[in-house]
Amino acid sequence: MHTRKFGNSDLEVSALGFGGWPMGGTQYGTTDDGETVRAVERAIELGITCFDNAAGYGLGHSEELMGRALAPYRKDIILVTKCGLTWDPTKKRLFRDSTRESVIAGCEDSLRRLGTDYIDLMLVHWPDPETPMEETMSALSDLRDQGKIRYAGVSNFMPAMMTECLRHLDIVADQAGYSIFERRIERDVQGFCQGN
């Protein structure tokens, strides 16, 4: 299995990663938890070391399953998850919330669900236009200083947003959709990331 590094970090990961989005059991229909755990175990057998998740996937169910499946292998894998989305039970939807309180509480909840005492890479799931980047990056910096996360990054951010983030904290990744059918990041995001 080929490996890559996340940005300027020392996080070396398999070129192919395992995404936990469908594991939540809500985005693509029902799933079987036992089959999901076996899929994670099979990915490890095949040499995959990068496992991506988010608190918003199945409202934490995906993190719980992944944590259970990865427990015996924790020291051998790179665990990525995301913060910055909060569930509104009244409106029954997730909303963007990258306030300091949300980021700190989200990290604590993810650590508990994943059954680990640190996250290798914590990403801010979506830009929150209501919260200054400085506040969000400060919270991530504090989590890093406490040893709860090793590195910080973002997801679905544009170059101007990442430039502002970098004024406050070194981010090592921007997770964005990219495929033969989805190539928008080639306009500016890809070049920005390669140059920073």
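The values are calculated or read from the model by the stated rules, or taken from the named source; none is laboratory data. If you're wondering where the values come from, they're calculated on a predicted model, not measured in any experiment. Quick reminder, even Gly has a Cβ in these numbers, built from the backbone with ideal geometry, and neighbours come from all protein chains shown. Note: areas computed on protein heavy atoms with side chains; ligands, DNA, RNA excluded. Shrake-Rupley method; radii C 1.70, N 1.55, O 1.52, S 1.80 Å.
One residue alone among A71, A55, A43, A39 is over 27 Å from D10 (Cβ atoms) and aliphatic (A, V, I, L, M), and that residue is A39. Kindly establish whether K5 is among the basic types (K, R), surrounded by 17 or more Cβ atoms within 10 Å (Cβ to Cβ) and either within 21 Å of I119 (Cα to Cα) or touching a strand residue (DSSP E or B) at 6+ places or on another chain (Cβ under 8 Å) (or both). Taking the combined requirement at face value, the residue does not satisfy it.
Which residues, taken from region 26-61, are in contact (Cβ under 8 Å) with a residue 40 or more places away in the chain and outside any loop (DSSP other than H, G, I, E, B)? Residues satisfying the conditions are D52, G60. Give region 136-160 a look and list any residue that's touching a residue at least 12 places away in the same chain (Cβ under 8 Å), open to solvent by 60 Å² or more (accessible area, probe 1.4 Å) and over 24 Å from D76 (Cβ atoms), or say none. Within region 136-160, M158 is the sole residue that qualifies. If you go through region 152-196 and pick out every residue that is polar (S, T, N, Q), assigned to a strand (DSSP E or B) and touching a Phe, Trp or Tyr at 6+ places or on another chain (Cβ under 8 Å), you end up with 1.
Checked against (1) surrounded by fewer than 20 Cβ atoms within 10 Å (Cβ to Cβ); (2) more than 23 Å from Y73 (Cα to Cα), D128 passes all but condition (1).
Note on region 29-79: among residues that are open to solvent by less than 60 Å² (accessible area, probe 1.4 Å), of a type in the set (S, T, Y) and modelled with pLDDT under 95, the one that is farthest from A105 (Cα to Cα) is T36. Checked against (1) closer than 20 Å to S155 by Cα; (2) open to solvent by 10 Å² or more (accessible area, probe 1.4 Å), K92 passes all but a single condition, namely (1). In the set S110, S98, only one residue is in contact with a Gly (Cβ under 6 Å, 6 or more places away or on another chain), among the polar types (S, T, N, Q), buried (at least 16 other Cβ atoms within 10 Å of the Cβ) and not in a strand (DSSP E or B); that residue is S98. Taken over region 74-100, residues that are free of Cβ contacts under 8 Å to residues at least 24 places away in the same chain and under 21 Å from E135 (Cβ atoms) amount to 3.
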